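Participant: The structure is given below, and queries will be raised subsequently.
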2 protein chains.
Amino acid sequence: MKEVSIIGIGTTPFNILEGKSLKEIATQACLDAIQDAGLEKESIEAFYLGNFISGILTGQETIAPLVANSLGLPKDIPCTKVEGACCSGGIAFRHGYLLVAAGLAKFVLVAGVEKMSSSTTEKNTEGLASAFDQEAEGRTGLTFPGFFALIARRHMHQYGTKIEHLAGVSVKNHSNSVMNPRARFRKKVSMEEVLASRLIASPIKLYDCCPISDGAAAAVLCPAEIAHQFHKKPIDILASVQTTGYSTSYDMDDPTTLIATVLAAQKAYTISHLSAQNIDVAELHDCFTMAEIVDSEDLGFFPKGKGGFAVEEGLTTVGGKIPINPSGGLISKGHPVGATGLGQVFEIVKQLRGEHENQVKNAEIGLTHNLGATGQVCTVNILKRRD
Amino acid sequence: MKEVSIIGIGTTPFNILEGKSLKEIATQACLDAIQDAGLEKESIEAFYLGNFISGILTGQETIAPLVANSLGLPKDIPCTKVEGACCSGGIAFRHGYLLVAAGLAKFVLVAGVEKMSSSTTEKNTEGLASAFDQEAEGRTGLTFPGFFALIARRHMHQYGTKIEHLAGVSVKNHSNSVMNPRARFRKKVSMEEVLASRLIASPIKLYDCCPISDGAAAAVLCPAEIAHQFHKKPIDILASVQTTGYSTSYDMDDPTTLIATVLAAQKAYTISHLSAQNIDVAELHDCFTMAEIVDSEDLGFFPKGKGGFAVEEGLTTVGGKIPINPSGGLISKGHPVGATGLGQVFEIVKQLRGEHENQVKNAEIGLTHNLGATGQVCTVNILKRRD
């Protein structure tokens with residue numbers, strides 16, 4: 001296996017991008033990443049594009065060659081859409097990594113995209129619910145706020161996690177994204193405001209939920225040995241892992257743990273010869289505030305049941321023991337579902353380059369964690385600044 | 001690069017599979033392939049599932065982990081859905097090939113699936129049209145019969161291709177599938193019947209079109225060096241290539257050629273040190289009779305413009321110079337869009353094992369050609385019987 005580096009990143013804001021199509025925003029993020037890498041687009045040897053629900057929302061499938069043609073990529077290269085619900089971007093990144101690591105390609109472009117704001121809330125809810133097993137929980141009418149509400153109730157029952165812990169995640173992430181020009185929300189919220197916000201699925205309130213957003217993010221990967229020729233601050237990929245979890249909540253032995261995250265993290269730590277204690281900054285999948293708490297435990301940052309208390313103690317703030325989602329996370333930066341995995345990579349690369357607007361001091365090793373559906377799909381990446 | 005072999009294949013019939021869900025048919029094809037390989041499912045190290053429009057048609061996305069859980073595959077492996085319109089199955093196959101060829105996995109399961117018959121014709125038409133660029137030709141109302149009708153008109157104008165040449169493809173493929181128990185249509189049709197069938201998009205008639213179908217097909221891949229331990233007739237993969245073509249008809253210099261096919265074939269022949277003349281049997285993408293003629297030229301079996309005349313001369317029958325679609329092809333075996341690429345692999349493996357119901361005598365080298373959308377995506381595989 002060759003060592004692989006990130007030499008270029010690009011992104012749109014994660015926001016309501018009115019008047020911009022899926023193709024346009026994906027193209028823009030890719031062009032930015034290629035330019036950041038100082039690469040000719042003719043050098044790209046493969047393209048992976050993560051997307052979840054453009055078929056259902058916009059009636060547009062087969063978007064990988066579509067965006068490739070919009071970019072003007074060569075015709076003799078493979079351009080592939082990958083889908084794994086909200087983990088689609090993470091899967092695209094990992095597939096680019098695999099090609100370069102295996103020596104099958106030198107320069108690979110990876111991206112994620114979603115255009116949600118032109119659809120109604122009902123259509124978005126229907127689209128997102130397509131990640132449930134339609135023969136099982138899907139047809140019961142369970143939605144993702146409901147799914148994470150079930151987890152929250154159990155977590156609170158089992159570990160004494162408090163409603164204020166959930167709200168604390170929202171307060172922290174909103175506070176973080178004030179500084180992030182790519183974020184959808186740039187205004188602080190107080191604990192009182194979160195707790196007083198509209199009930200969505202008890203105990204989950206409106207401000208416990210990530211917002212519907214548009215966005216695209218991209219990266220260019222190449223072998224570590226030549227990365228310095230393209231970017232003065234290449235970021236090395238120490239591990240990139242993808243795993244599988246349960247399709248329904250009732251299959252889970254313990255719904256307070258998402259097994260795909262646990263397995264992906266264990267594997268990523270083993271491959272990189274690191275542990276959770278070595279991570280300086282993490283962007284993890286906080287589709288709901290409860291998810292951030294569960295993820296932070298499943299990734300090994302805190303013992304099971306202690307994630308909520310860690311938030312209360314400020315351990316996950318910038319400057320804390322393990323800064324989580326300094327970008328604002330899905331909750332406050334936004335969650336254009338297919339783009340999120342690459343958006344996380346964008347934020348961590350900025351951190352490791354020392355160029356983030358909400359910089360974690362001297363961040364050397366970063367982690368991204370992208371989750372799909374009921375925890376059915378997970379990718380974990382460990383990235384490192386070049387010494 | 002390691003050499004890679006196919007050690008197991010499985011499929012459902014390509015037909016109206018009433019009362020069977022997408023998950024059930026995918027699971028069945030996969031179980032059959034695993035059993036054919038004589039493998040324990042716990043040995044599978046990665047799973048790729050090709051699917052085009054389950055999101056739009058059935059509201060079910062994220063089907064790779066869903067089917068993996070239905071199969072009982074391990075949780076620590078990556079399970080990925082790939083999409084490239086009607087080429088989705090071919091893309092899944094190639095990704096399994098890449099993992100084994102790169103030494104990243106020993107045993108990979110690949111599959112394709114589509115469930116179309118539970119949706120209305122209108123919904124299927126809408127779903128299939130999602131492969132057009134919705135900002136360009138998609139919104140003009142162009143459909144795929146229309147797209148291939150444009151190609152047919154130009155081909156007839158430029159090369160003197162006759163309406164009877166198109167009909168001849170239908171007659172041949174219907175005749176072939178009489179013997180194929182997996183085929184949707186098992187009844188011969190005459191030239192007169194094809195020509196008298198309902199006009200769909202001039203000059204394309206009803207019997208020039210492939211039928212809406214349900215189906216799933218799967219294969220198990222492993223390194224060639226250990227293939228004999230699992231199947232007494234392993235089939236070696238000499239080349240597996242994926243390319244990109246134009247998104248719209250008006251971008252094409254010459255709409256009688258689909259550039260993605262030309263590039264994929266050239267690359268596949270180069271990698272395998274073979275030429276079109278070495279191919280003993282081919283399953284190619286005849287979504288419409290016109291497509292078979294264009295493909296047969298683009299793959300190098302006949303000079304450009306001569307594909308229709310070759311049909312007339314009987315060169316593409318079993319027993320002819322290059323038997324094309326002895327399975328019945330998409331036209332008569334059926335075209336469950338996401339499954340087709342793997343269905344073609346199933347048919348060619350049966351041929352190379354010498355076990356096909358419509359056997360090409362002493363077939364040693366076979367080719368599969370899977371096409372997506374407006375020729376936006378293409379995969380070509382060259383497969384060989386072990387001496």
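Participant: Considering (1) assigned by TED's automatic domain parsing to the domain that holds B:Y250; (2) within 18 Å of B:H285 (Cβ to Cβ); (3) under 21 Å from the mean Cα position of the chain (by Cα); (4) not polar (S, T, N, Q), say which one B:A217 fails and leave the rest.
Facilitator: (1)
Participant: A follow-up question, please. Out of the residues in segment A:276-297 meeting the condition of being within 23 Å of B:I77 (Cβ to Cβ) and not in a helix (DSSP H, G or I), tell me which one is nearest to the other protein chains (Cβ to nearest Cβ).
Facilitator: By that ranking, first place goes to A:H285.
Participant: Give A:Y246, A:Y250 a once-over and let me know the one that is more than 26 Å from A:L49 (Cα to Cα) and not aliphatic (A, V, I, L, M). Break it down into steps so the answer makes sense when it comes.
Facilitator: Working: A:Y246 fails: more than 26 Å from A:L49 (Cα to Cα).
Every option except A:Y250 fails the conditions.
Okay, residues lined up against (1) charged (D, E, K, R); (2) in a loop (DSSP other than H, G, I, E, B):
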{"residue": "B:L342", "(1), (2)": "no, no"}
{"residue": "B:V345", "(1), (2)": "no, no"}
{"residue": "B:H356", "(1), (2)": "no, yes"}
{"residue": "B:T368", "(1), (2)": "no, no"}
{"residue": "B:L371", "(1), (2)": "no, no"}
{"residue": "B:T379", "(1), (2)": "no, no"}
{"residue": "B:L383", "(1), (2)": "no, no"}
{"residue": "B:D387", "(1), (2)": "yes, yes"}
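Participant: For segment A:281-297, indicate whether the set of residues that are among the small types (G, A, S), surrounded by fewer than 22 Cβ atoms within 10 Å (Cβ to Cβ) and either modelled with pLDDT of 95 or more or under 16 Å from the mean Cα position of the chain (by Cα) (or both) is non-empty.
Facilitator: Here is the first cut: in segment A:281-297, the ones among the small types (G, A, S) are A:282, A:291, A:296.
Of the ones still in play, those that are also surrounded by fewer than 22 Cβ atoms within 10 Å (Cβ to Cβ) are none.
No: zero hits.
Participant: So which of A:G354, A:G366 ends up being more than 14 Å from chain B (Cβ to nearest Cβ) and under 19 Å from A:T316 (Cβ atoms)? Can you show your working first?
Facilitator: Details: A:G354 fails: under 19 Å from A:T316 (Cβ atoms).
When all the criteria are applied, what remains is A:G366.
Participant: What single numbered condition from (1) farther than 28 Å from B:K81 by Cβ; (2) in contact with a helix residue (DSSP H, G or I) (Cβ under 6 Å, 6 or more places away or on another chain); (3) among the β-branched types (V, I, T) fails to hold for B:V294?
Facilitator: (2)
Participant: Considering each of B:G168, B:G127, B:G146 in turn, give the residue that is within 21 Å of B:G328 (Cα to Cα) and part of a helix (DSSP H, G or I).
Facilitator: Working: B:G127 fails: within 21 Å of B:G328 (Cα to Cα); B:G146 fails: within 21 Å of B:G328 (Cα to Cα).
Answer to the check: B:G168.
Participant: Could you list all residues from segment B:190-215 that are within 17 Å of B:N15 (Cα to Cα) and not aliphatic (A, V, I, L, M)? Outline the logic, then answer.
Facilitator: So in segment B:190-215, the residues within 17 Å of B:N15 (Cα to Cα) come out as B:207, B:209-215.
B:Y207, B:C209, B:C210, B:P211, B:S213, B:D214, B:G215, listed by residue number.
Participant: Taking B:G59 and the conditions (1) surrounded by fewer than 24 Cβ atoms within 10 Å (Cβ to Cβ); (2) on the phi < 0 side of the Ramachandran plot, which numbered condition does it fall short on, given that it satisfies the others?
Facilitator: All conditions pass for B:G59, except number (2).
Participant: Right, next: Taking only segment B:5-48 into account, find how many residues are assigned to a strand (DSSP E or B), small (G, A, S) and more than 24 Å from B:I331 (Cα to Cα). Steps first, answer last, please.
Facilitator: Kept after step one, since they are assigned to a strand (DSSP E or B), are these residues of segment B:5-48: B:5-11, B:15, B:46-48.
Retained after the next criterion (residues that are small (G, A, S)): B:5, B:8, B:10, B:46.
Checking which are more than 24 Å from B:I331 (Cα to Cα) leaves us with B:5, B:8, B:46.
Summing the residues that are assigned to a strand (DSSP E or B), small (G, A, S) and more than 24 Å from B:I331 (Cα to Cα) in segment B:5-48 gives 3.
Participant: Is it true that some residue in segment B:337-355 is assigned by TED's automatic domain parsing to the domain that holds B:T261, under 25 Å from B:A152 (Cβ atoms), surrounded by fewer than 20 Cβ atoms within 10 Å (Cβ to Cβ) and acidic (D, E)?
Facilitator: Within segment B:337-355, none of the residues are assigned by TED's automatic domain parsing to the domain that holds B:T261, under 25 Å from B:A152 (Cβ atoms), surrounded by fewer than 20 Cβ atoms within 10 Å (Cβ to Cβ) and acidic (D, E).
Participant: Being within 17 Å of A:L274 (Cα to Cα) and either away from chain B (no Cβ under 14 Å) or in contact with a Gly (Cβ under 6 Å, 6 or more places away or on another chain) (or both) is the filter here; which residues of segment A:232-247 pass it? Show your work before the answer.
Facilitator: If we filter segment A:232-247 for residues that are within 17 Å of A:L274 (Cα to Cα), which is where we start, we get A:235-241.
Result: A:I235, A:D236, A:I237, A:L238.
Participant: Sticking with this one: Looking at A:A152, is it assigned to a loop (DSSP other than H, G, I, E, B), of a type in the set (G, A, S) and assigned by TED's automatic domain parsing to the domain that holds A:C287?
Facilitator: Values: assigned to a loop (DSSP other than H, G, I, E, B): no; of a type in the set (G, A, S): yes; assigned by TED's automatic domain parsing to the domain that holds A:C287: yes.
No; evaluated as a whole, the condition is false for this residue.
Participant: So B:T58 fits all but one of (1) facing another protein chain (nearest Cβ under 9 Å); (2) modelled with pLDDT of 95 or more; what number is the exception?
Facilitator: Condition (2) is where B:T58 drops out.
Participant: Continuing with the same structure: Could you figure out which of (1) part of a helix (DSSP H, G or I); (2) over 19 Å from B:T256 (Cβ atoms); (3) among the β-branched types (V, I, T) isn't true of B:I200?
Facilitator: That leaves (1) as the condition not met.
Participant: Which of the numbered conditions does A:L99 fail, given that it passes all the others? Conditions: (1) more than 13 Å from chain B (Cβ to nearest Cβ); (2) over 27 Å from B:I25 (Cβ atoms).
Facilitator: Here A:L99 meets the rest and fails (1).
Participant: For segment B:75-87, which positions are more than 8 Å from chain A (Cβ to nearest Cβ) and part of a loop (DSSP other than H, G, I, E, B)?
Facilitator: Taking segment B:75-87 first, the residues more than 8 Å from chain A (Cβ to nearest Cβ) are B:86-87.
Within segment B:75-87, B:C87 is the sole residue that qualifies.
Participant: Related question: Please determine, by comparing only the residues of segment A:119-141 that are without any contact (Cβ under 8 Å) to a residue 24 or more places away in the chain and within 16 Å of A:E83 (Cβ to Cβ), which one is farthest from the other protein chains (Cβ to nearest Cβ).
Facilitator: Taking segment A:119-141 and keeping what is without any contact (Cβ under 8 Å) to a residue 24 or more places away in the chain, we get A:120, A:122, A:125, A:129, A:134-135, A:138-141.
Those left that are additionally within 16 Å of A:E83 (Cβ to Cβ): A:129, A:134.
Working: A:A129: 8, A:Q134: 5 Å.
The residue in question is A:A129.
Participant: Also, I was wondering about something else. Could you please let me know if B:T62 is polar (S, T, N, Q) and free of Cβ contacts under 8 Å to residues at least 60 places away in the same chain? Full working, then the answer.
Facilitator: Details: polar (S, T, N, Q): yes; free of Cβ contacts under 8 Å to residues at least 60 places away in the same chain: yes.
So B:T62 fits the description; yes.
Yes/no per residue for (1) among the hydrophobic types (A, V, I, L, M, F, W, C); (2) touching a helix residue (DSSP H, G or I) at 6+ places or on another chain (Cβ under 6 Å); (3) surrounded by 15 or more Cβ atoms within 10 Å (Cβ to Cβ):
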residue: A:Q158; (1), (2), (3): no, no, no
residue: A:I163; (1), (2), (3): yes, no, yes
residue: A:A167; (1), (2), (3): yes, yes, yes
residue: A:S170; (1), (2), (3): no, yes, yes
residue: A:M179; (1), (2), (3): yes, no, yes
residue: A:V189; (1), (2), (3): yes, yes, yes
residue: A:V194; (1), (2), (3): yes, yes, yes
residue: A:S197; (1), (2), (3): no, yes, yes
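Participant: Another question about this same structure. Picking from A:G72, A:G19, A:G90, A:G38, which residue would you name as being more than 8 Å from chain B (Cβ to nearest Cβ), in contact (Cβ under 8 Å) with a residue 40 or more places away in the chain and at positive phi?
Facilitator: So the residue among A:G72, A:G19, A:G90, A:G38 that is more than 8 Å from chain B (Cβ to nearest Cβ), in contact (Cβ under 8 Å) with a residue 40 or more places away in the chain and at positive phi is A:G38.
Participant: Does A:K232 meet the test of being farther than 26 Å from A:F147 by Cβ, over 17 Å from the mean Cα position of the chain (by Cα) and outside the structural domain of A:H157 (by TED's automatic domain parsing)?
Facilitator: Against the criterion (farther than 26 Å from A:F147 by Cβ, over 17 Å from the mean Cα position of the chain (by Cα) and outside the structural domain of A:H157 (by TED's automatic domain parsing)), A:K232 qualifies.
Participant: Further, regarding this structure: Read through the list (1) crowded, with 20+ Cβ neighbours inside 10 Å; (2) under 30 Å from B:P203 (Cα atoms), then give the number of the only condition that B:F107 fails.
Facilitator: For B:F107, the exception is condition (2).
The values are calculated or read from the model by the stated rules, or taken from the named source; none is laboratory data. Treat the numbers as computed from the prediction; the structure is a model and nothing was measured. Using ideal geometry, Cβ is built from the backbone for each residue, glycine included, and neighbour counts are taken over all protein chains shown.
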